[in-house]
Amino acid sequence: LHYRIWGPQGAVKGKVLLVHGLGASTFTYRNNAPALAKAGYWVLAVDLPGYGFARVPLEIRLQWTKLVENYLGKRRSLAGIVLLMDVRHPLKEQDRDLIGWAAALGIPLHVLLTKADKLSRGPGKSTLLAVRRELASIPATTVQLFSALSGEGIDAARAVLDQWYSAPREADIG
């Protein structure tokens, strides 16, 4: 796993923001991370290798899959997973794999259907309802529309994260 951390001086405590991407693909967070750190937040940007559009040989992808499974299986302190899916292309095979891992390990999952500003209200709501219906049987899984551009869903996502980080967690294994 690749990661980058921005934070105030001292030990990690208080609010932690978890963001997928290392900066090039998360322009907003890259530019705002220092300000968030100054305000007392820890920003942890995580990029799952091979997730999305990485074009690598199958052998390398399988190694990454084992790495991610191992990481998720040992991180008892992991409060939850925020899964980003393009609202126009939800529930791809890799999304389903990650959803399955989260469910099998009992890790809460919050799905952000991103780029909600790219669809009109009706199609966006239809996709939201379809994804919610498909994931309804998976415990501790929530789904919402999200747009970094318009700000839609930011407060709802923040509320989920606040709830996760206020709950006690176990120590990591190994």
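The values are calculated or read from the model by the stated rules, or taken from the named source; none is laboratory data. Quick caveat, the model's predicted, so the values are computed rather than measured. A quick note on method: Cβ atoms are made from the backbone with ideal geometry, for glycine too, and the neighbour counts reach across all protein chains shown. Remember, those area values only see protein heavy atoms, side chains included, never the ligands or the DNA or RNA. Shrake-Rupley method; radii C 1.70, N 1.55, O 1.52, S 1.80 Å.
Near VAL82, the amide H atoms lying under 5 Å from its own belong to HIS110; only residues 5 or more places off or on other chains count, and H is placed 1.01 Å from N.
For SER126 and ARG76, a Förster radius of 30 Å and the Cβ-Cβ distance give a FRET efficiency of 0.20, rounded to the nearest 0.05.
Lysine pair count for the range 69-148 with Cα-Cα distance under 19 Å and sequence separation of 8 or more or different chains is 4.
Per residue, the range 57-140 exposes 57 Å² of solvent-accessible protein surface, assessed with a 1.4 angstrom probe and all protein chains in place. Tally up the carbon and sulfur contribution to the accessible surface of the range 63-174 as a whole percent, 1.4 Å probe, everything protein left in place. So the carbon and sulfur contribution to the accessible surface is 54 percent. A Förster radius of 22 Å, combined with the Cβ-Cβ distance separating LEU149 from HIS89, puts the computed FRET efficiency at roughly 0.80.
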